[in-house]
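Below you'll find the structure, written out as structure tokens, and then a few comments.
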Amino acid sequence: MDADTETVTAELVPLEEEHAPLPARRDPARDAELARMVREDLAALMPKGTSRAYRSDVEQYEQWCRTEHLPSAPATADQLAAYVKHLTVTPRPRTKRPYSPRSIERAVAAIRAAHRAARLTPPDTTAALAYLAAYRRALSEANDAAALPRQATPARPKELRAMVATLDRATLRGARDAALLLLGYAVAARESELVALDLSSVRDTDEGLYVDVYRRKVGLWTRDLPVPFAADPALCPVRAFRHLRALMADHGLTAGPLFVRLDHTGAPAATLGRPRRDGTADTSGRLTPETVGDVVERTARRAGLDGRWTGHSLRRGFVTEARERGVPFERIAAHGGWDSRSRALLAYSDPGLS
């Protein structure tokens, strides 16, 4: 350092108290507002089918708590175990059949999810799951059907041929329902994934279709999913898509949802008759996931097919047919957006694994 340079030392002076930042204080009202916002957002993000089932499970649990004069939350581990025991010895109100182990598992998950949403510690499940394991063993030993999952009847080509034969494919409704059945089967789509398709989600080529499907349950895209021509024109998803697209164009529908709502006259319906829970109207014109199940069940019944027909019949039918044809498990999983180790996927071909 230069000898002529003056060195100045200074003591760091703390800020005046009046300028110091005040410690943050919790605002109970603001905390409650944030908690409500997060709960509503998480509920909206949850798949609709799951959220409805969870809501029903929690309502049923709360009813039991009122009957037993217990607070629903926070629940103790013993309280949860007692509720599981109650479910194992109580028939369903509507069917008078025992609850399936899968239904009880979902109820436990719903109760714990409700605790987390309320910022409460979820109850321990050790005792509850011990009751459930004993219940599952007892059902299996008795060869009770409740031990098996209530799976949808698979819609395979034979069934699909009979189902589409019930439709007047010269009409927009018949063309829509035929394309819904055949394309839903071809891409192994869940109901919500199928109705989420737009016209722009499908690329039409000389070789067939390439479809972009968003697998909502796992949050991943299946891009350019190949859908080839079928040898049987009646079962061809490519021809069904092209026919539907042409009829939609006749109604001025050249963009937006692939599967649209129709009114009682068979014309496109812009709004859904029922308002949303927030009071607003759905003006997208998009078909609802519930309607997929209605179409599957209605066409199956008209075709005289026995079984449990739901929107999931298309997805399960694809897997069942592919497995019988010897398609490798990994290819089936990739096509349908499953993890190759998925127990749900394994259960399609071996219900005993559920």
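None of the figures in this text is laboratory data; all of them are computed from the coordinates on show. These figures come from a predicted structure and were not determined experimentally. Quick reminder, even Gly has a Cβ in these numbers, built from the backbone with ideal geometry, and neighbours come from all protein chains shown.
Can you list residues whose amide H is under 5 Å from Leu262's amide H, if they're 5+ apart or on another chain and H is modeled 1.01 Å from N?
So Leu262 has HN proximity to Ala269.
With each pseudo-label sitting 7 Å past Cα toward Cβ, what's the Gln151-Ala249 distance in nm, one decimal?
Result: 4.1 nm between the two label points.
Classify segment 107-184 as rounded, prolate or oblate from the Cα gyration tensor: take a ≥ b ≥ c as the square roots of its eigenvalues, call it rounded if a/c is under 1.5, otherwise prolate when a/b beats b/c and oblate if not.
Taking the square roots of the gyration eigenvalues as a ≥ b ≥ c, segment 107-184 is oblate.
Starting with the highest mean, order 305-311, 108-114, 228-234 by the number of other Cβ atoms within 10 Å, averaged over the residues of each peptide.
Going by the mean number of other Cβ atoms within 10 Å, highest first, we get 108-114, 305-311, 228-234.
Measuring from label point to label point, each 7 Å out along Cα→Cβ, what is the Thr171 to Ser342 span in nm?
In this crude label model, Thr171 to Ser342 measures out at 3.4 nm.
Please list, in order, the residues from segment 189-210 whose amide nitrogen is less than 17 Å from a point placed 7 Å along the Cα→Cβ vector of Val327.
It comes to 189-191, 194, 208-210, nothing else.
Output ³J(HN,Hα) for segment 92-108: one whole-Hz value per residue in order, computed from phi by the Karplus curve 6.51 cos²θ - 1.76 cosθ + 1.60 with θ = phi - 60°, and x for Gly and Pro.
Those phi angles translate into 4, x, 7, 9, 6, 9, x, 5, 7, x, 5, 5, 5, 4, 5, 4, 4 Hz.
Determine the gain in length on full extension of the stretch Asp294-Glu68; use 0.36 nm per residue of separation and subtract their C-alpha separation, reporting nm with one decimal.
Gain on stretching Asp294 to Glu68: 77.5 nm.
What shape does segment 41-147 have by the C-alpha gyration tensor, where a ≥ b ≥ c are the square roots of the eigenvalues, rounded means a/c under 1.5, and otherwise prolate means a/b greater than b/c and oblate the rest?
prolate
Work out how much length Asp212 to Arg308 would gain on full extension: take 0.36 nm times their residue separation and subtract the Cα-Cα distance, in nm to one decimal.
Stretched out fully, the Asp212 to Arg308 stretch lengthens by 31.7 nm.
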